[in-house]
Amino acid sequence: MTDIPSLADLVWARGYTDPAWARRHTTSGRELVPSRSVWRGPGGASTLPTAPPGTLGGLTFAGPRGQDLTLAELLTRAETDALLVVHRGRLVHEEYLHGYEPQVPHLNASAAKSYLGLVAATLAHEGQLDRGTQVSKIVPELAGTAFGDAQVDHLLHMGTRMSYAGRPYDKALEAQRYFAVLAPRLRPYGYTGPTTIREHLATARATGGPGVEFRYENGNVEALAEVLRRVTGTTTSALLSEMIWSRIGAEEDAYYLLDSEGSEAACGGFSATARDLARFGETVRCGGAAGDRQVVPEAVASTIASGVPDGYPYRVRFPAAPPDAPATLSYHDLWWIPNDPYGSFMASGIHGQRLFISPALDLVIVHYASQIVSPAVPQVPLVQAFLKIGTHLCG
């Protein structure tokens, strides 16, 4: 197989260090690959009650190097495309930048993982999915792979260790190769690797037992998506529509990007408007209820942050932290948990896409961005900013 350093020049290096390029392809993924709609359903859109403007105007935030920043300066540093803040059910701040418009779906990148995790957790709660089942018993084609040898619950917690096609595992390079699988236009000259997600998963071989160690890897989510397709007999797009999107009062259809076989890119190919993502977040914050409709079982929605049993092997430090660092984040059912005093949890995408939900602060924040990812550019501390907004709003 041809190696792909040139793909890094095209996608990884360019997209990470050029915000204009990243913005084009995080707001309009349909330009690169086919897509499938996630239907909003037949009903009307639910209202988003608004609060008086100017609530956040006087706040300052710690910047990436500790300097004080206004909200406008913070959003500039984060290459923000949209920021929506919902507090106690009211939209207290809505802002769009760089020409992004409210009705336009924005790529959620890896934040999409958490939405699939919620669907899987709901199916498990309802008895349609057994977390302890070996994946190959549901998807026989994955027998002998790292994902097929794992249990469903291992996929939900990034608990597999693998290498693809016999090469040493490198997270950044494997992410690049995943883009090459998904988008023919992003393949380098002479590419001879897998051309579908299914083919890509079939090359994964275990390099360690499942359920022992956390390793953030897209293949876990793609394998889980195939499990859910087999269990429910429907596409990922139709499943998300049926279980969530058609029931939250969304204004617009969302959509998934597809590979050449028509399988959704479940680990990061989902796009939705900021307003609709705020509706989804508010549903989860309210114990899974959208108005008088219970969309997600309360037992699922209310235990995302608290439902990790003591001693669970994935309640570990952030994967990029050094071995002697204290635990700063946990990971449960494909959601990030900051372990703050407010029971917060979030869906997180690489370029600054965030859905931040904090039940104790009555807070939902949607942040869309095309943030630069480079060792030379310190990341904006978004979570700390979100918590400051929440505590400020709570008085």
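The values are calculated or read from the model by the stated rules, or taken from the named source; none is laboratory data. Not measured: the values here are computed from a predicted model. A quick note on method: Cβ atoms are made from the backbone with ideal geometry, for glycine too, and the neighbour counts reach across all protein chains shown. Note: areas computed on protein heavy atoms with side chains; ligands, DNA, RNA excluded. Shrake-Rupley method; radii C 1.70, N 1.55, O 1.52, S 1.80 Å.
In order along segment 30-35, the phi-based Karplus estimate (6.51 cos²θ - 1.76 cosθ + 1.60, θ = phi - 60°) of 3J(HN,Hα) comes to 5, 6, 9, 9, x, 9 Hz; Gly and Pro are listed as x. Modelled this way, with points 7 Å down the Cα-to-C-beta line, the labels at Lys171 and Leu59 are 2.8 nm from one another. For the set Asp259, Asp130, Asp253, the ranking by accessible area, highest first and with no ligand, DNA or RNA atoms included, is Asp130, Asp253, Asp259 under a 1.4 Å probe. Semi-axes of the equivalent ellipsoid of segment 191-293 are 30, 17, 12 Å, computed as sqrt(5λ) over the eigenvalues of the C-alpha gyration tensor in descending order. Its alpha carbons considered, segment 187-242 gives a radius of gyration followed by a Dmax of 14.4, 41 Å. Measuring from centroid to centroid over Cα atoms, what is the spacing of segment 39-59 and segment 81-137 in Å? Here the two parts' Cα centres lie 17 Å apart. Taking all protein chains into account, the per residue accessible area for the chain stands at 39 Å² (1.4 Å probe). A simple packing score, the average count of other Cβ atoms within 10 Å per residue, orders the peptides 55-62, 93-100 as 93-100, 55-62, with the highest score first.
Full extension of the chain between Thr196 and Gln294 yields a length gain of 31.7 nm, computed as 0.36 nm times the residue separation minus the alpha carbon distance. Considering helices alone, the calculated mean residue ellipticity of the chain at 222 nm is -8000 deg cm²/dmol, with DSSP H runs of length four and up weighted by -39500 (n - 2.57) and normalised per residue. Taking each residue as 0.36 nm, the span from Glu141 to Val377 lengthens on full extension beyond its C-alpha to C-alpha distance by 80.8 nm. Take Ala72, project a point 7 Å from its Cα along the Cβ direction, then tell me which residues of segment 361-395 have their backbone nitrogen under 17 Å from it. Nothing falls inside the zone, counting backbone N under 17 Å. Taking the protein heavy atoms of the chain in the context of the full set of protein chains, the accessible area attributed to carbon and sulfur is 53 percent at 1.4 Å.
The candidate values are (1) 21.2; (2) 22.3; (3) 24.0; the one derived from this structure for Kirkwood radius over Cα pairs in Å carries the label (1).
Two tests apply to each whole DSSP H helix in the chain, Cα reach of 15 Å or more along its axis and mean Kyte-Doolittle hydropathy of at least -1.0, and the ones passing both are 111-125, 171-182, 218-232, 274-285, 382-393.
Both radii come from the Cα set of segment 115-199: Rg as radius of gyration, Rh as Kirkwood radius; their ratio Rg/Rh reads 1.03.
On a full-extension model of 0.36 nm per residue, what is the gain between Cys394 and Gln128, subtracting their alpha-carbon distance, rounded to one decimal in nm? Could you put the intermediate results ahead of the total?
Numbers: separation 266, 0.36 × 266 = 95.76 nm, distance 3.92 nm.
Result for the pair: 91.8 nm of gain on full extension.
If one puts a single equal scatterer on every Cα of segment 122-262 and applies the Debye formula without solvent, what log₁₀ I(q)/I(0) results at q = 0.11, 0.12 Å⁻¹? The Cα Debye sum returns log10 ratios of -0.44, -0.52.
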